[in-house]
Amino acid sequence: MRVITVALWALVLSGALIACSGGAEEPSGEGSSGGEDATYAGPIASTDVAHGKEVFAANCDDCHPDGEEDVGPSLTADPHTPADLRKQVREGSGKMRPFPEKRVSNEDLEALLAYLASINAVK
């Protein structure tokens, strides 16, 4: 009976250790500027600058005219990574509202990033 009790406790403790460790690896952060959400990581997946400019004109230009400061900050004075920009667009912050995928599709977002890269707003 004692052997079964010890074996049962060993099983419970090993399960607790596995649960406490999380079992998931942390992202390595390679190619990251730090603090980026892995959900938004990756290179720009579009080269369609013309379409990106249309997306910018329809959704961004009122607050960031030609990428410069107005209601929102200048996008060209302090370029951001594609991951940071994706997160900003999807989640918003401060005065900026989020733009969900139903409003700006993932394809539109990638074209927008291609446009922003063309005006040196992406590092």
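The values are calculated or read from the model by the stated rules, or taken from the named source; none is laboratory data. This is a predicted model, so every value here is computed, not measured. Counting neighbours? That spans all protein chains shown, and the Cβs are built from the backbone with ideal geometry, glycine included.
Taking only pairs six or more apart or across chains, which ones have beta-carbon atoms under 6 Å, a first residue in segment 81-106 that is closer than 15 Å to G52 by Cα and of a type in the set (D, E, K, R), and a second residue that is modelled with pLDDT of 95 or more and surrounded by 12 or more Cβ atoms within 10 Å (Cβ to Cβ)? Here the result reads R86/Y40, each pair linking segment 81-106 to a residue that is modelled with pLDDT of 95 or more and surrounded by 12 or more Cβ atoms within 10 Å (Cβ to Cβ). Scanning segment 96-105 for residues that are over 19 Å from S74 (Cα atoms) and either in contact with a Phe, Trp or Tyr (Cβ under 7 Å, 6 or more places away or on another chain) or surrounded by 15 or more Cβ atoms within 10 Å (Cβ to Cβ) (or both) turns up just one, V104. Out of the residues in segment 51-71 that are in contact (Cβ under 8 Å) with a residue 12 or more places away in the chain and over 21 Å from E101 (Cβ atoms), which is surrounded by the most Cβ atoms within 10 Å (Cβ to Cβ)? Only one residue tops the list, namely G67.
Restricting segment 80-95 to residues that are at pLDDT 95 or above and surrounded by fewer than 17 Cβ atoms within 10 Å (Cβ to Cβ), the residue that is farthest from G42 (Cα to Cα) is G92.
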